Amino acid sequence: MTRDDIMEKVVEVLEDALGADPEDIVPAASLTADLDAESIDFLDIVFKLEQTFGFKVAQGELFPENLTDNEEWVQGDDITEAGMAMLQAKLPHVDLAPVIETKKVSKLAGIVTVDSIVNFVERKLAAAG
Amino acid sequence: MRWNWIDRILRHDPGDRLDAMKVVSLSEDHLHEHFANAPCMPSSLMIEGMAQTAGILVGAISNFERRVILAKIARAEFNADAFPGDQIRYSATLERMADAGASTKGTVEIRRADAQEFKPAGHVDLFFSHLDGDRAPDDLPDGNFVFSDNFKILLDGFADNPEC
């Protein structure tokens, strides 16, 4: 499956899960900031990705849960060195540049983009062979 | 105020499917405002009926230990109204279950007061969240406020009491 094929299906998933206009579902669009996704929508998106592409997604694999509750990772609005290492290890599909620059939790809110989802699917399909 | 929008559970295949029945009665207050001279069951309350049907299906999986909250109406389409004297059958099937929540698909059928057969009336697909553990706000009341005894009675079935 080519990246364009994946993008086409991801647009369908996000259109269905978020009720978003397909024209707004562009690679750079942030799921929360631009497409108005709420926390429950991420679970919906995970379910639909699993159905569409035939793989399983572990809890927290697309985006880590309860990040701010862990003092090892977050202190106040600051992401610790351990937190940054965890993010880089667990989120290879996400462009972390805005977070690396500021190390602020507030920068995490809109960091998952349509492109992140396409990257995620591409990696999952490649891993499955 | 009672908030029961299903009257009977007709079928329960645990973790898979639950069917419930609602009988529409003109004695229900909402029908006198929706609408004054043409009473019909509001679609929003049929969504609630499906939410209760599907919610019991999901809640029963944990023996009602977990708080199951309606989080999202993924789809709600209706092509028929229900009138006093009609019966509504809600059929919910479990689509996906995860620690964080569950998704269900549902069909709504209506049997007219003077008809033998149910006819398709709509589809309602829902998303439930498990509001417990790290996902629960600190100010939630204790215990499981989602599932009242009424729902458990519905699931257990009514007592067969000939003196009633």
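All of the numbers you see were taken from the coordinates with simple rules; none came from a lab. Bear in mind the structure is a predicted one, so any value in this text is a computation, not a measurement. Please note: Cβ atoms are built from the backbone with ideal geometry, for glycine as well, and neighbour counts cover all protein chains shown.
So here's what we get for this one:
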quantity	calculated
Rounded to the nearest 20 debye, dipole of chain A from Cβ charges on Lys, Arg, Asp, Glu	560
Residue range of chain B that is longest and free of trypsin sites (Lys or Arg not before Pro) which are both DSSP loop and sparsely packed (at most 15 other C-beta within 10 Å)	B:3-111
With at most 12 neighbouring Cβ atoms within 10 Å, loop GluC sites (Glu not before Pro) (DSSP) excluded, longest segment of chain A	A:73-129
Sequence-distant aspartates and glutamates (8 or more away, or on other chains) whose Cα lies within less than 18 Å of B:Lys119	B:Asp19, B:Glu77, B:Asp81, B:Asp86, B:Glu109
Zone of B:Lys119's modelled label, taken as backbone nitrogen in the range B:64-83 under 14 Å from a point 7 Å along Cα→Cβ	B:79-83
Relative contact order [Cα under 8 Å, 6+ residues apart], chain A, whole percent	31
Cross-link reach list, lysines versus A:Lys9, counting only Cα pairs under 28 Å and skipping chain neighbours closer than eight places	A:Lys48, A:Lys56, A:Lys90, A:Lys107, A:Lys124, B:Lys72, B:Lys105
Computed [θ] at 222 nm, deg cm²/dmol, chain B (DSSP H ≥ 4; -39,500 (n - 2.57); rounded to nearest 500)	-5500 deg cm²/dmol
Förster radius 41 Å - calculated FRET efficiency between B:Leu26 and A:Glu12, Cβ distance, rounded to 0.05	0.40
Mean Cα-pair separation over length for chain B, i.e. relative contact order, pairs under 8 Å, 6 or more apart, %	24
Contact order relative to length of the range A:1-45, as percent, for alpha carbon pairs under 8 angstrom and 6 or more apart	34
